[in-house]
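So the structure is just underneath, and the comments pick up after that.
The values are calculated or read from the model by the stated rules, or taken from the named source; none is laboratory data. Just so it is clear, the structure is predicted and the values come from calculations on it, not from any experiment. We place every Cβ from the backbone using ideal geometry, glycine too, and count neighbours over all the protein chains shown.
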Amino acid sequence: MNLYSYIETFGCQMNERDSEIMAQLIGDAYSPTRSLSKADVVVVNTCSIREKAEQKAFSMLGRLRKLKKKNPSMVIAVAGCVAQQEGRNIRKRMPHVDIVIGPQNLYRLPELIADVKRDNETKVKTDISPEFVIPPFLPSIKAGHPFKRFVTIMQGCNNFCTYCVVPYTRGREISRDPADIIDEITHLVQNGIREVTLIGQNVNSYGLDRKNATFPDLLRAVAGITGIERIRFTTSHPKDLSEDLMRCFAEIDALCSHIHLPVQAGSNSVLKRMNRKYTLESYLDKISKLKTFCPDIVITTDIIVGFPGETDEDFDQTMQLLETVRYHGAYSFKYSDRPQAPSCDFSDKVPEDVKSARLHLLQSRQEEITVERHNEFIGRTMPLVVEGRSKSSDGRWCGRTDTNHIVNFTGADTLQPGRTVQVVIEEACLNSLRGRLKKH
Ligand code: SF4
């Protein structure tokens with residue numbers, strides 16, 4: 001009899017990669033399905049960074065209650081940061097949950113499913129150990145994207161931003177053995193993968209917990225793998241953007257000209273209360289220096305508006321920052337208390353309507369800047385990797401530039417996804433560019 005698994009992922013790329021790992025770990029016993037009613041095992045991989053993602057995960061768990069009633073042998077697992085934070089308490093709200101598994105324990109999923117089936121009782125694995133070693137793991141080639149992949153290089157975070165729970169849910173920074181990372185990427189490249197994104201909560205502090213590696217050294221080693229064409233990484237902390245890393249953008253051809261560098265706020269007093277460990281001036285200095293190594297680098301960011309104590313003046317400084325840096329894009333959010341984050345206890349909470357008004361102002365201005373930045377590409381010929389047909393039904397193709405822009409383009413009847421083509425940019429929209437294939 002065939003058995004099936006359904007894995008739903010909320011939140012970041014780290015979670016996406018963790019879900020792929022879990023799918024692979026149970027893949028021999030459970031084939032993936034996208035039909036919940038058919039599933040014998042359901043994993044809800046949660047994220048606690050934003051309130052919305054957490055609510056969505058709980059709402060899905062609520063819906064699973066009915067299915068479990070119909071099919072009591074269905075095993076329901078909650079993974080990720082919410083699982084880590086809530087532990088056994090999840091059962092109070094969701095008594096139909098069978099497994100609660102934190103990020104450091106995901107490799108134990110097959111054993112926990114077997115334990116639940118044998119003992120018919122809830123299993124909770126949320127221990128975090130500073131001695132934890134991310135095991136070597138060769139990704140499946142059959143499942144997953146045909147030419148690009150995420151590769152986890154580290155887990156956890158040591159930064160303790162006051163609004164964030166990651167250091168508590170994922171533990172302190174643990175960098176993978178560089179030899180394991182190189183083996184994994186070599187395996188991927190030998191099987192047709194040409195682009196990798198190195199992921200972690202704070203990738204540019206990779207290696208600070210080891211003696212034999214730094215992040216720039218790792219980038220150089222990855223670039224040395226025959227067949228690798230594009231390397232990306234995310235997410236970076238501004239305080240760990242070293243000159244050696246900046247130099248990599250000038251020296252490593254395969255390193256894409258894009259950096260996501262979350263600033264969070266443009267006011268030093270807010271940055272201090274956030275415990276971001278940099279000032280606006282040092283952040284801007286780093287951006288200037290980075291541009292001396294890579295003048296065309298595309299910079300995107302994250303911004304939180306309405307952090308406790310944020311005044312109109314503080315917010316104006318964030319608006320001014322948009323004008324100074326002219327980011328190509330920004331993910332912006334209203335501050336919300338995350339359970340157990342230190343900022344929950346901060347006074348001077350900003351009223352909801354003020355946060356909404358500030359977010360609206362910030363997003364409107366950033367959208368204008370994004371379109372202005374996109375307009376700068378018009379007339380340029382850009383190499384891009386074909387991803388497939390465009391989502392619109394107008395027969396266009398879709399590809400991605402090394403600056404991480406999506407381009408929808410015309411000019412070809414057939415194209416192979418993964419192929420690099422040259423496209424002339426003709427039009428700029430908010431979320432993408434439009435162009436036509438350059439004929440040789
Ligand atoms: S750097 Fe700050 S926001 Fe990012 S994961 Fe670490 S504590 Fe959270």
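Which of the following residues is at positive phi and at pLDDT below 95: 87, 102?
Checking each option against the conditions leaves just 87.
Can you say whether residue 300 is within 16 Å of the ligand (Cβ to nearest atom), crowded, with 17+ Cβ neighbours inside 10 Å, touching a residue at least 24 places away in the same chain (Cβ under 8 Å) and closer than 22 Å to residue 366 by Cα, as far as the supplied structure shows?
yes
Looking at (1) closer than 24 Å to residue 5 by Cα; (2) of a type outside the set (A, V, I, L, M, F, W, C); (3) modelled with pLDDT of 95 or more; (4) within 16 Å of the ligand (Cβ to nearest atom), which is the one condition that is false for residue 111?
Every listed condition holds for residue 111 apart from (4).
Filter the range 387-418 for residues that are exposed (fewer than 13 other Cβ atoms within 10 Å of the Cβ) and either in contact (Cβ under 8 Å) with a residue 24 or more places away in the chain or assigned to a strand (DSSP E or B) (or both) and give the result.
416 - this is the single residue of the range 387-418 that is exposed (fewer than 13 other Cβ atoms within 10 Å of the Cβ) and either in contact (Cβ under 8 Å) with a residue 24 or more places away in the chain or assigned to a strand (DSSP E or B) (or both).
Condition test on residue 369, is it more than 21 Å from the chain's Cα centre (by Cα), surrounded by 15 or more Cβ atoms within 10 Å (Cβ to Cβ) and more than 30 Å from residue 192 (Cα to Cα)?
Answer is yes for this residue.
One residue is enough: does the range 76-88 have a residue meeting the conditions within 14 Å of residue 121 (Cα to Cα) and in a helix (DSSP H, G or I)?
Within the range 76-88, one or more residues are within 14 Å of residue 121 (Cα to Cα) and in a helix (DSSP H, G or I).
What strands (runs of 3 or more DSSP E) completely inside the range 217-330 contain at least 3 residues that are over 21 Å from residue 401 (Cα atoms) and not hydroxyl-bearing (Ser, Thr, Tyr)?
298-305
Among what's in the range 121-162 and is of a type in the set (Lys, Arg) and more than 21 Å from the chain's Cα centre (by Cα), pick the residue that is modelled with the lowest pLDDT.
Looking at residues that are of a type in the set (Lys, Arg) and more than 21 Å from the chain's Cα centre (by Cα), I get 142.
Tell me, yes or no, whether the range 157-173 has at least one residue that is surrounded by fewer than 21 Cβ atoms within 10 Å (Cβ to Cβ), in the same structural domain as residue 343 (by TED's automatic domain parsing), in contact with a Cys (Cβ under 7 Å, 6 or more places away or on another chain) and part of a helix (DSSP H, G or I).
yes
In the range 122-169, what residues are within 11 Å of the ligand (Cβ to nearest atom), out of contact with any Asp or Glu (no Cβ under 7 Å at 6 or more places or on another chain) and not aliphatic (A, V, I, L, M)?
Within the range 122-169, 155, 159, 160, 161, 162, 163, 164, 167, 168, 169 meet the criteria.
Answer with yes or no whether residue 156 is touching a Phe, Trp or Tyr at 6+ places or on another chain (Cβ under 7 Å) and at positive phi.
The answer is no for residue 156.
Inside the range 44-63, can you point out the residues that are exposed (fewer than 14 other Cβ atoms within 10 Å of the Cβ) and either more than 18 Å from the chain's Cα centre (by Cα) or within 16 Å of the ligand (Cβ to nearest atom) (or both)?
Scanning the range 44-63 gives 55, 59, 62, 63.
Assuming residue 264 fulfils every condition listed in (1) at positive phi; (2) touching a Gly at 6+ places or on another chain (Cβ under 8 Å) apart from one, which condition is it?
(2)
Output yes when any residue across the range 192-205 is surrounded by fewer than 20 Cβ atoms within 10 Å (Cβ to Cβ), more than 21 Å from the chain's Cα centre (by Cα) and either more than 11 Å from the ligand (Cβ to nearest atom) or hydrophobic (A, V, I, L, M, F, W, C) (or both), and no when none is.
Within the range 192-205 (the criterion being surrounded by fewer than 20 Cβ atoms within 10 Å (Cβ to Cβ), more than 21 Å from the chain's Cα centre (by Cα) and either more than 11 Å from the ligand (Cβ to nearest atom) or hydrophobic (A, V, I, L, M, F, W, C) (or both)), the answer is yes, since at least one residue qualifies.
Quick check on the range 243-278: of everything there that is away from the ligand (no atom under 16 Å from the Cβ) and among the hydroxyl-bearing types (Ser, Thr, Tyr), which residue is farthest from residue 12 (Cα to Cα)?
This residue is 269.
Do the conditions hold for residue 238, that is, is it modelled with pLDDT of 95 or more, surrounded by 19 or more Cβ atoms within 10 Å (Cβ to Cβ), in contact with an Asp or Glu (Cβ under 6 Å, 6 or more places away or on another chain) and not β-branched (Val, Ile, Thr)?
Considered against the rule, which asks whether it is modelled with pLDDT of 95 or more, surrounded by 19 or more Cβ atoms within 10 Å (Cβ to Cβ), in contact with an Asp or Glu (Cβ under 6 Å, 6 or more places away or on another chain) and not β-branched (Val, Ile, Thr), residue 238 comes out as no.
Taking the criterion of being farther than 30 Å from residue 147 by Cβ and modelled with pLDDT of 95 or more, would at least one residue in the range 378-385 satisfy it?
Checked against the condition, which is being farther than 30 Å from residue 147 by Cβ and modelled with pLDDT of 95 or more, the range 378-385 yields no hits at all.
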